[in-house]
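Structure first, commentary second.
The values are calculated or read from the model by the stated rules, or taken from the named source; none is laboratory data. No experiment lies behind these values; they were computed from the predicted model shown. Every residue, glycine among them, receives a Cβ derived from its backbone with ideal geometry; neighbour counts consider all protein chains shown. Quick note on the areas: whole protein, heavy atoms, side chains included, nothing else; ligands and nucleic acids left out. Shrake-Rupley method; radii C 1.70, N 1.55, O 1.52, S 1.80 Å.
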Amino acid sequence: MRAWRTAAVAASMAIVALIGGTSPVAARGAAAPDPSAPATVPAGQGAAEGNVEAGKSGSDADASAVIRCEGQVQRPHNSTHVPGTVNVVVTVSCTAPVSAITTRAALYKNGQLVNQSALRRQTGTAGGQNNAAVRCSPGNYRGWMYFKVEFPPGYRPPTGSGNGLGQEVPINC
């Protein structure tokens, strides 16, 4: 059973697709990338999807003892909370509470980084979010996110992380 669960975790971490108006994020294994956003968006890089998950270890654990978490980069938009700004929100949703979720959001305009958030760590929760915003000027905007999940004690792997770009959208002010 343990070998099957390990294979299932590895397989689900390799899933890549695009869904609707939000862009799920590319998943990585336990080794976390540098949480700083790149200075420019690599040419031709599209949106990606991925999950991170961990299974409970021990002889009493079965395949259903798995926590799955997914990162989403929402579409950049004219903010309704702070008029005159463009905002992007990034979220992480897990199937059960985890020890901690750390997120960072970044916003690009015409391929150039224009703002990024601080790292935000939320503990004892099944979801987390962060955002980045900038004064509005017409252009093509795209969001980016980094996330790291710290699973509860007894889950393997103990952490999972991912990062990726969302959809590029034209915005007028």
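Within the option set Thr103, Thr95, Thr85, being touching a strand residue (DSSP E or B) at 6+ places or on another chain (Cβ under 8 Å), surrounded by 19 or more Cβ atoms within 10 Å (Cβ to Cβ) and not aliphatic (A, V, I, L, M) holds for one residue only, Thr103. For the stretch 67-79, the criterion of being open to solvent by 50 Å² or more (accessible area, probe 1.4 Å) and without any contact (Cβ under 8 Å) to a residue 40 or more places away in the chain is met by none of the residues. Any residue in the stretch 150-173 that is without any contact (Cβ under 8 Å) to a residue 40 or more places away in the chain, hydroxyl-bearing (Ser, Thr, Tyr), out of contact with any Pro (no Cβ under 8 Å at 6 or more places or on another chain) and buried (at least 17 other Cβ atoms within 10 Å of the Cβ)? Checked against the condition, which is being without any contact (Cβ under 8 Å) to a residue 40 or more places away in the chain, hydroxyl-bearing (Ser, Thr, Tyr), out of contact with any Pro (no Cβ under 8 Å at 6 or more places or on another chain) and buried (at least 17 other Cβ atoms within 10 Å of the Cβ), the stretch 150-173 yields no hits at all.
Scanning the stretch 110-135 for residues that are closer than 16 Å to Glu168 by Cβ and open to solvent by less than 50 Å² (accessible area, probe 1.4 Å) yields Gly111, Ala132, Val134.
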